[in-house]
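**Student:** I'd like to ask you about the structure that follows.
The values are calculated or read from the model by the stated rules, or taken from the named source; none is laboratory data. Since the structure is predicted, the reported quantities are computational estimates derived from the model, not experimental observations. Cβ coordinates were reconstructed from backbone atoms using ideal geometry, including for glycine residues, and neighbour counts include every protein chain displayed.
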């Protein structure tokens, strides 16, 4: 099916997923969804929940039209997005400042602009920093030993006997 024959943005996203992402060997898939693209991505998540959750590492919504409450996402989908996405919304606040909203479902921050068309360019570095943080290995706790006073004395005593 040719992309220009697809009738809706949702069909386009589904076809891109099927033709590119499904056959890719990529270990980390990141999604940037701008405007209606956010709604189309959430539609894909609704239709292919397990597959999308398994393949997508993180999602950046930029002035997105999606709704966690008006699309048939369900609790599992909303919980997954809460953990794996961030939303940049148009605002007079400086870039990356926290912005509250009734649409909350994931971290929402200012896009640093009030212009829908310039939001991707303004947010680009911030989006890539967000993506980078999601793939950095978590620091493993260093094992430590608790040394009690009595254990410390026995250790010193043992070392003194060797000399």
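**Student:** Here is a check on your reading of the model: is residue 74 more than 21 Å from residue 134 (Cα to Cα) and touching a residue at least 40 places away in the same chain (Cβ under 8 Å)?
**Tutor:** Values: more than 21 Å from residue 134 (Cα to Cα): yes; touching a residue at least 40 places away in the same chain (Cβ under 8 Å): no.
It is false that residue 74 is more than 21 Å from residue 134 (Cα to Cα) and touching a residue at least 40 places away in the same chain (Cβ under 8 Å).
**Student:** Could you name every one of the strands (runs of 3 or more DSSP E) located completely within the range 1-98 that has at least 3 residues being modelled with pLDDT of 95 or more? Show your work before the answer.
**Tutor:** On the way: elements: 29-34, 56-62, 85-89.
By residue number, 29-34, 56-62.
**Student:** Sticking with this structure for a sec: What are the residue pairs meeting all of these: first residue in the range 126-143, first residue over 16 Å from residue 61 (Cβ atoms), second residue modelled with pLDDT of 60 or more and exposed (fewer than 10 other Cβ atoms within 10 Å of the Cβ), Cβ atoms under 9 Å, and 6 or more apart or on different chains?
**Tutor:** The qualifying pairs are 135/27.
**Student:** Cβ-Cβ under 9 Å, sequence separation 6+ or interchain: first residue in the range 29-47 and on the phi > 0 side of the Ramachandran plot, partner part of a strand (DSSP E or B). Which pairs?
**Tutor:** 35/62
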